[in-house]
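To start, the structure under review is shown below, and the notes come after it.
The numbers here are math on the coordinates, done by the rules we state, and not lab data. As the structure is a computational prediction, the values presented were derived from the model and not from experiment. With ideal geometry, Cβ positions are generated from the backbone for all residues, glycine too; neighbour counts draw on all protein chains shown.
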Amino acid sequence: MRITDVEVLVTSPGRNFVTLRVHTDEGLYGLGDATLNGRELAVAAYLRDHVAPCLIGRNPFQVEDIWQFLYRGAYWRRGPVTMTAIGAVDMALWDIKGKALNVPVYELLGGASRTGVLVYGHANGHSAGEAVEAVGRYLDLGYKAVRVQAGVPGLTGTYGVGRGELFYEPAEAGLPAEDVWSTEKYLATVPSLFARVREEYGDEVHLLHDAHHRLTPIQAGRLGRELEPYHLFWLEDVAPAEQQEAFRLIRQHTTTPLAVGEIFSTVHDATLLLREYLIDYLRMTVVHGGGITHLRTAAAYAAVHQVRTGCHGATDLSPVTMAAALHFDLSIPNFGIQEYMRHTAETDEVFPHAYTFSDGYLHPGEAPGLGVDYRDDLAERYPYQRAYLPVSRLEDGTMFNW
Ligand code: EZ4
Ligand code: CO
């Protein structure tokens, strides 16, 4: 089998997505997600102008060799744009192989290690009371794990707090919005939020929280310690993790489990964190972490340090990534949890998919390959719309310390 054509597809059914479609001389095609929130067209150009020409004529079954070729051959290794582009190619090749062999991708990865993939949803509220109520709605839907974020009194926009129910999109059309942030005000609200949630719903539900890289190491240590009575499943991105050494200090101060890595591009971003047992969950994703091929390497390195996975799964990761993540999650030994932010109805229609949600778990389904398709007729209705994540400034106008 040979690769005959490579298409880069851009659509915006509620938000922007970049999708790679790799065609073969046997009529099979594979899909890969190439969406990098707020920098979508950089990856589209990388793929179209620099990667696609190198793929034509290659054997799509050589998944590992093509990965090495794109990673080493570029000379310029790592980085989010490069690793997202490689991730898209890798997903598409696993999809082709699954379809050609008529098996779901998880069978190619060693088979199912579990019956389903534990997921967490996002309960958001402008106030703590609203957030507490939102947790109840997720429990009614069968969720076993819920991330809880609430607005901070005195701050207009709080990143990570959604505007709708079940669906939350942090990027906004136009140029980047600038929000005001106060770490002091934020820190004063989080412990009481979790006290209320535990009081209302008891000890069984898994609770998670995301600090979006905004704390200094010592502030992170304080937050982790103050949350200890509420037994979080994890506390995510407490501090900017490009300073891996900072987690030594955080770890000395708290037993709250820590999750990091949704913005990591390769396992090299996490080697110190893993080697020194500084985190409990690795958040790297299929799309931004170089595809299934590289995520297997990262997950294996995590496994030997007793760290589990917790793949990023926000709305900017398309249904193609969600499917790839589910095949991966189902197969590996050290899976922990999968983030699941539901897409809009328009997105789900553009990307019909075999994965299903039931009683707090997702399953990738039994369709050959990844089990996702792409509806060109619908996608063409939604042209690209410039959109960015918001930028936060402290109350004095500066952007120190994240
Ligand atoms: O900020 O997906 O855990 N989830 C998150 C997300 C990310 C966005 C970035 O593109 O932190 O909301
Ligand atoms: Co996050």
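With a 10 Å radius around each residue's Cβ, average the other Cβ atoms per peptide and rank 179-190, 261-272, 64-75, highest first. Display every interim value, and only then the final one.
Working: 179-190: 16.6, 261-272: 20.5, 64-75: 14.8.
Highest-to-lowest ranking by the protection proxy: 261-272, 179-190, 64-75.
Could you grab the Rg to Rh ratio for the chain? Cα atoms only, Kirkwood for Rh. So for the chain, dividing Rg by the Kirkwood Rh gives 0.96. The long axis of helix 319-331 is offset from the longest Cα principal axis of the chain by roughly 80 degrees.
3J(HN,Hα) along the stretch 297-306: 4, 5, 5, 5, 5, 5, 4, 6, 10, 6 Hz, from the Karplus curve 6.51 cos²θ - 1.76 cosθ + 1.60 with θ = phi - 60°, whole Hz, x for Gly and Pro.
Other residues lying with their Cβ under 12 Å from the Cβ of G360 contribute a combined charge of -2, Lys and Arg counting +1, Asp and Glu -1. In plain terms, the residue of F357, F17, F351 with the fewest other Cβ atoms within 10 Å comes first and the most crowded comes last, giving F357, F351, F17. Under 13 Å from the 7 Å Cα→Cβ point of A173, by amide nitrogen: which residues of the stretch 14-33? It comes to 14-16, nothing else. Overall shape of the stretch 202-290 was characterised from the C-alpha gyration tensor. The equivalent ellipsoid obtained from it has semi-axes of 21, 15, 11 Å, in decreasing order. Extension gain, T271-D348: 0.36 nm per intervening residue step, less the Cα-Cα distance, totals 24.1 nm. Taking a spot 7 Å from the Cα of A188 along the direction of its beta carbon, which residues of the stretch 142-159 have an amide N less than 17 Å from it? What the label zone holds, given the 17 Å backbone N cut-off, is 150-158.
Per DSSP H run of at least 4 residues, take -39500 (n - 2.57); add these up for the chain, divide by its residues and hand me the 222 nm value, nearest 500 deg cm²/dmol.
Numbers: 14 runs with 139 residues, N = 402.
Taken over the chain, the calculation gives -10000 deg cm²/dmol.
With a Förster radius of 41 Å applied to the beta-carbon distance between D49 and V103, the computed FRET efficiency rounds to 0.75.
Here the label points at Q62 and D25, each 7 Å from Cα along the C-beta direction, are separated by 1.4 nm in the simple model.
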